[in-house]
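What follows draws every value from the coordinates through simple rules; no lab data is involved. Note that the structure is a prediction, hence the values are computed from the model and not measured. A quick note on method: Cβ atoms are made from the backbone with ideal geometry, for glycine too, and the neighbour counts reach across all protein chains shown.
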Amino acid sequence: MKGFIKQTAAALCFGAGLFTAVGCYHYREIVDPCWPERYNYIARTSVRDMHNAQADKGHILDQTLWNEDFDVEKLKPSGIARLKYIANREPTPSLMKLYLQNAEVPYDAADSAKYVREQERINEARKKSIMMFLSTQLSARTGTTYLVEVHNYNQPTYWAPWTDGALENIQRTTRTGTLQQFQMPAVSNK
């Protein structure tokens, strides 16, 4: 047992020195030195990318004027209200992009070029009426430039029959002054 501590300390120092000089390189080849951070970053970016894609689509739908907002080429009151909502939003960017749903024109199979020309003519007339209205808004006078793009998205609609029942219940119970009871959607346990 003579010199056990001295020999053990010498072996540990030699082993640590050898491991430091040679072992770290081979160790890093075997394991992932960035183990949790690398995979956490990939998980974060996948969630962010999905969220950003949904937010971008929602922004486009929020900034869109639909076919229902026009009487052929002229803005309806609903279109004017939509443009006021968009133009008076704060903070106002220097370049604001608006979207216009592609005009619905009856299709003529005999002359498809006429169909395309008529669609483009209506879209251009709608863009012109949008720009004329936006030029009267305060945001246009303060330096906001508007860009109108045409897209082929359909206006999102959601069918939910239980909301109709809830609205009918509100109307029925509001008149009588009784307590409102909302119909819950059916849930199956399969």
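Which condition number in (1) outside any loop (DSSP other than H, G, I, E, B); (2) farther than 15 Å from Phe70 by Cβ; (3) hydroxyl-bearing (Ser, Thr, Tyr) is the one that Tyr99 fails?
Unmet for Tyr99, out of (1) outside any loop (DSSP other than H, G, I, E, B); (2) farther than 15 Å from Phe70 by Cβ; (3) hydroxyl-bearing (Ser, Thr, Tyr): (2).
Go through the range 90-106 residue by residue and tally those that are within 28 Å of the chain's Cα centre (by Cα), of a type in the set (A, V, I, L, M, F, W, C) and surrounded by 12 or more Cβ atoms within 10 Å (Cβ to Cβ). Before you say what the answer is, go through the steps one by one.
First, the residues of the range 90-106 that are within 28 Å of the chain's Cα centre (by Cα): 90-104.
Filter again for of a type in the set (A, V, I, L, M, F, W, C), leaving 95-96, 98, 100, 103.
Checking the rest, the ones that are also surrounded by 12 or more Cβ atoms within 10 Å (Cβ to Cβ) come to 96, 98, 100, 103.
Selection size over the range 90-106: 4.
Which members of the range 88-106 meet the condition of being polar (S, T, N, Q) and either closer than 18 Å to Val150 by Cβ or touching a helix residue (DSSP H, G or I) at 6+ places or on another chain (Cβ under 6 Å) (or both)? First the steps, then the outcome.
Step one: list which residues in the range 88-106 are polar (S, T, N, Q), which gives 88, 92, 94, 101-102.
Scanning the range 88-106 gives Thr92, Gln101, Asn102.
Mind checking which residues of the range 124-141 are among the polar types (S, T, N, Q) and within 25 Å of the chain's Cα centre (by Cα)? Spell out the reasoning first.
At the first step, the residues of the range 124-141 found to be among the polar types (S, T, N, Q) are 129, 135-137, 139.
The answer is Ser139, and nothing else.
Surrounded by fewer than 11 Cβ atoms within 10 Å (Cβ to Cβ) and of a type outside the set (A, V, I, L, M): which single residue out of Arg44, Arg82 fits that description? First the steps, then the outcome.
Values: Arg82 fails: surrounded by fewer than 11 Cβ atoms within 10 Å (Cβ to Cβ).
Only one candidate passes the filter, namely Arg44.
For a quick check of your reading of the model, give me the residue pairs whose first member lies in the range 72-86 and is under 10 Å from Ser129 (Cβ atoms), whose second is assigned to a helix (DSSP H, G or I) and of a type in the set (Gly, Ala, Ser), with beta-carbon atoms closer than 7 Å and at least 6 apart or on different chains.
Note: pairs meeting the criteria are Glu73/Ala125; Glu73/Ser129; Lys74/Ser129; Leu75/Ser129.
Go through the range 123-143 and report how many residues are in contact (Cβ under 8 Å) with a residue 12 or more places away in the chain, out of contact with any Leu (no Cβ under 8 Å at 6 or more places or on another chain) and over 15 Å from Lys76 (Cα atoms).
4
Within the range 51-91, how many residues turn out to be of a type in the set (Lys, Arg) and part of a helix (DSSP H, G or I)?
Counting residues in the range 51-91 that are of a type in the set (Lys, Arg) and part of a helix (DSSP H, G or I) gives 3.
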